[in-house]
Amino acid sequence: MKYLSTRGADELLSFEETVLAGLAPDGGLYIPEHIPSLPPDWQTAWRDYSFVDLSVEVLSLYISEDEISRAELGALVEKSYSTFRHPDVTPLKKLTDTTYVLELFHGPTFAFKDVALQLLGNLFEFFLKRRNQRKGPTEKPEKLTVVGATSGDTGSAAIYGLRNKANVSIFILHPKGRVSPIQEAQMTTVTDPNVHNLAVQGTFDDCQDIVKSLFGDKKFNATHRLGAVNSINWARILAQTVYYFLSYFHLRRQLPNPTADVEIQYVVPTGNFGDILAGYYAKRMGLPMGRLGVATNANDILARFWRSGAYEKVDSSPSPAGLSQPAAGASDGKQAEDASGVKETLSPAMDILVSSNFERLLWYLAFETTQGADVAERQRKASAIIADWMSKVKSDGRVQVPIAALELARRDFFAERVSDAQTLETIKYYFESEPHYIADPHTAVGLCAARMVASQNAPNVRQIVLSTAHPAKFSEAVTRALQGSPSFDFERDVLPPEFKGLLERERRVIDVEAPRVELVKQVIEKYAVPAVGQVGSSV
C-alpha cells in the first residue's frame with residue numbers, strides 16, 4: 001500500500017514515510033492510494049476478536065508486511081493498548097434498547113485520542129530505532145521533532161504517547177485559557193525533558209495554522225525533521241477505524257437475536273472530522289452501517305456544509321432567529337463569538353472554525369465526481385480540484401462544492417447542530433435516566449444529535465454514539481448541568497483517583513504572547529535539544 005497527497009497525486013509514499021512526514025509538502029493530507037476491501041470471511045473470522053486482534057487485522061490491510069511484519073505489528077499494538085484500563089479497550093455500553101455509547105476514554109489521559117496516539121508514539125519510536133540501527137557507528141542518529149496543536153485532548157494524549165521516547169522531542173501548542181483546567185494540567189504537569197507545552201495567546205485555529213505553516217516551511221522542516229501528531233497524520237485515522245469494527249461485533253453480541261436485521265447508525269461529536277472520518281473508511285471497506293451522523297456545537301461549519309454545500313468559516317446565509325445569540329442557559333460569554341469567529345462553548349475541543357480532516361472527505365467527493373477510465377488520471381484531477389478548493393478556503397474563507405459532490409456527501413452522512421443549552425439538558429437527561437449515565441459535554445452533543453434524528457429512524461436502527469472524553473475532564477459543564485440533582489456528587493460519581501491533586505502539581509509551560517509562527521520557531525530552535533533545568537519562559 002502506498003499513500004498520496006490530497007493536493008498532489010504524483011508522488012507515492014510508503015506507510016513509514018507517510019507516518020513520519022505527517023503533512024505533505026504541498027499542504028495536503030496523505031490518503032491511501034486505494035481503500036482495501038475486507039476479506040470474504042471477516043464477519044465470522046473476526047467475530048470474537050479482541051481490540052488488539054482486530055487492530056492487527058485492520059492495520060495489516062494498509063501496512064505491507066515488507067514494512068512491518070505481522071509479528072512486529074502485533075507487538076506494537078499489544079504495547080500500545082496495554083496502557084488502557086478496560087479489557088475491551090473501547091467498551092460498548094447500552095443506554096436504551098436503541099441507543100448505545102462507545103466509550104473511548106479508558107486510555108491513560110481519559111480521552112478518545114489515546115487510542116490513536118498510544119499507537120502513533122510507538123510507531124515513531126519503532127521507525128526511528130530501526131533507521132538508527134541501520135546507521136554506521138560514526139553516523140548521527142535520526143531525530144524527530146513532533147509538533148502539534150490541541151483544543152484540549154490531543155495535547156495530553158500525544159504527550160503521554162511520546163514522553164521519554166528516544167530521539168523524539170514534542171512541542172504542543174494550545175490556546176491559552178481556552179482548554180479546561182484538567183486538560184491544561186494533564187499537559188503541563190508532564191515535566192519529561194523531551195516534552196514542551198506552548199500556551200499561545202489565540203484560538204485553536206491559530207495554533208493549527210501555525211503548525212501547518214511550520215510543515216510548509218521546507219527549510220525549517222528539513223532542519224528539525226518535523227513529525228505530526230494531529231489527526232492530519234494518517235496513522236491516527238487508521239487506528240481509529242478499529243473501534244468501529246469492535247463496536248459492530250459487540251452490538252451484535254448484545255442483541256437478543258444476534259442475527260437480527262438491524263442497521264447501525266453511528267453518531268459522532270466532531271470538530272476536526274478525524275473521529276468520524278475513521279468511520280467513513282470503515283464503511284468504505286465494507287463494514288455495514290447506515291449514514292454517519294456529524295454532531296457539532298455552535299461552531300457548525302460541518303453542519304452548515306451539509307445544509308448548503310458551502311464549506312465556509314463564517315456563515316454567509318441568513319440565520320434563523322436566535323442562532324447568532326448566546327444559547328439560553330449559557331454564561332460567562334459562552335457561545336459568544338470572539339474576533340476570530342470562534343464561539344466559546346461548553347464543548348471546547350470542538351471549538352474549531354476549519355476542520356482539517358474534512359479535506360480528505362472532499363478529495364473522495366472530487367474523485368467520485370471526476371470522469372475518466374484511468375484511476376491515476378482521476379486521482380490527479382481530484383488532487384488538482386482539492387488544491388483549488390483549499391486555496392479558495394484560505395483566500396476567501398469559503399468554497400462552494402458542486403451539487404453532485406454535496407449529494408454524495410449526503411449519501412453517507414447527515415449533520416446536526418447542538419447548542420450549549422441542549423448540551424446541558426442532555427447531560428441532565430441521561431443522568432436522570434435508568435440506567436443513569438454521566439456524559440461529558442462533547443459526548444452530550446453526540447447524544448443530543450442522536451435524539452434529534454431518532455424519531456425519523458426505522459424501527460430496526462440502533463444508534464451508537466461515540467463518547468469522546470471522561471466527564472471529569474469537564475467539571476464545569478457537568479456540575480452546571482447536574483447542580484440541581486440532589487443525588488449527584490461530583491467527587492463520588494465522576495472524579496477518578498488519577499485526577500486528585502492534579503491541579504496542584506508542578507508545571508512547565510512556555511507562554512507565546514501572540515499567534516505568530518516566528519515566535520513558535522524561536523521556541524523550537526531553543527528547546528529542540530532538551531536541556532537540564534529549563535522550567536519555562538515567555539516568548
Q) Out of the residues in segment 407-434 that are open to solvent by less than 10 Å² (accessible area, probe 1.4 Å) and part of a helix (DSSP H, G or I), which is nearest to GLY484 (Cα to Cα)? A) ILE427
Q: For segment 488-506, state whether one or more residues are open to solvent by less than 40 Å² (accessible area, probe 1.4 Å) and in contact with a strand residue (DSSP E or B) (Cβ under 8 Å, 6 or more places away or on another chain).
A: no
Q | Flag for GLU72 being of a type in the set (D, E, K, R), under 30 Å from GLU377 (Cβ atoms) and exposed (fewer than 15 other Cβ atoms within 10 Å of the Cβ) | A | no
Q. Looking at segment 200-213, which of its residues are in contact with a Lys or Arg (Cβ under 7 Å, 6 or more places away or on another chain) and closer than 15 Å to ILE524 by Cβ?
A. VAL200
Q.
Looking at segment 486-498, can you tell me whether even one residue there is under 23 Å from ILE264 (Cα atoms), more than 24 Å from the chain's Cα centre (by Cα) and not hydroxyl-bearing (Ser, Thr, Tyr)?
A. no
Q. Going through segment 13-46 one residue at a time, which ones are at pLDDT below 95 and more than 21 Å from the chain's Cα centre (by Cα)?
A. PRO25, ASP26
(Q) So, in segment 133-190, exactly how many residues are more than 18 Å from ALA116 (Cβ to Cβ), open to solvent by 10 Å² or more (accessible area, probe 1.4 Å) and in a helix (DSSP H, G or I)? (A) 4
(Q) What's the number of the only condition in (1) at pLDDT 90 or above; (2) more than 21 Å from the chain's Cα centre (by Cα) that GLY136 fails to meet? (A) (1)
(Q) Would you confirm whether or not segment 309-331 contains a residue that is surrounded by fewer than 23 Cβ atoms within 10 Å (Cβ to Cβ), modelled with pLDDT of 95 or more and hydrophobic (A, V, I, L, M, F, W, C)? (A) yes
Q: For segment 446-480, enumerate the residues that are assigned to a helix (DSSP H, G or I), open to solvent by less than 10 Å² (accessible area, probe 1.4 Å) and either without any contact (Cβ under 8 Å) to a residue 12 or more places away in the chain or among the small types (Gly, Ala, Ser) (or both).
A: GLY446, ALA449, ALA450, ALA472, ALA477
(Q) Just to be sure I understand the filter: pairs with C-beta atoms under 6 Å, separated by 6 or more residues or on different chains, first member in segment 411-436 and under 18 Å from PHE488 (Cα atoms) and touching a residue at least 12 places away in the same chain (Cβ under 8 Å), second member in a loop (DSSP other than H, G, I, E, B) and aliphatic (A, V, I, L, M). Which pairs pass? (A) THR423/LEU346; ILE427/ALA439; TYR430/ALA439; PHE431/ILE438
Q.
Quick test for you: out of VAL115, VAL101, VAL89, pick the one residue that is closer than 24 Å to LEU20 by Cβ and either of a type in the set (Phe, Trp, Tyr) or at pLDDT 95 or above (or both).
A. VAL115
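The values are calculated or read from the model by the stated rules, or taken from the named source; none is laboratory data. None of these values were measured; they are calculated from a predicted model. Positions of Cβ are backbone-derived with ideal geometry, glycine not excepted, and every protein chain shown enters the neighbour counts. Side chains included, ligands, DNA and RNA excluded: accessible areas come from the protein's heavy atoms. Shrake-Rupley method; radii C 1.70, N 1.55, O 1.52, S 1.80 Å.
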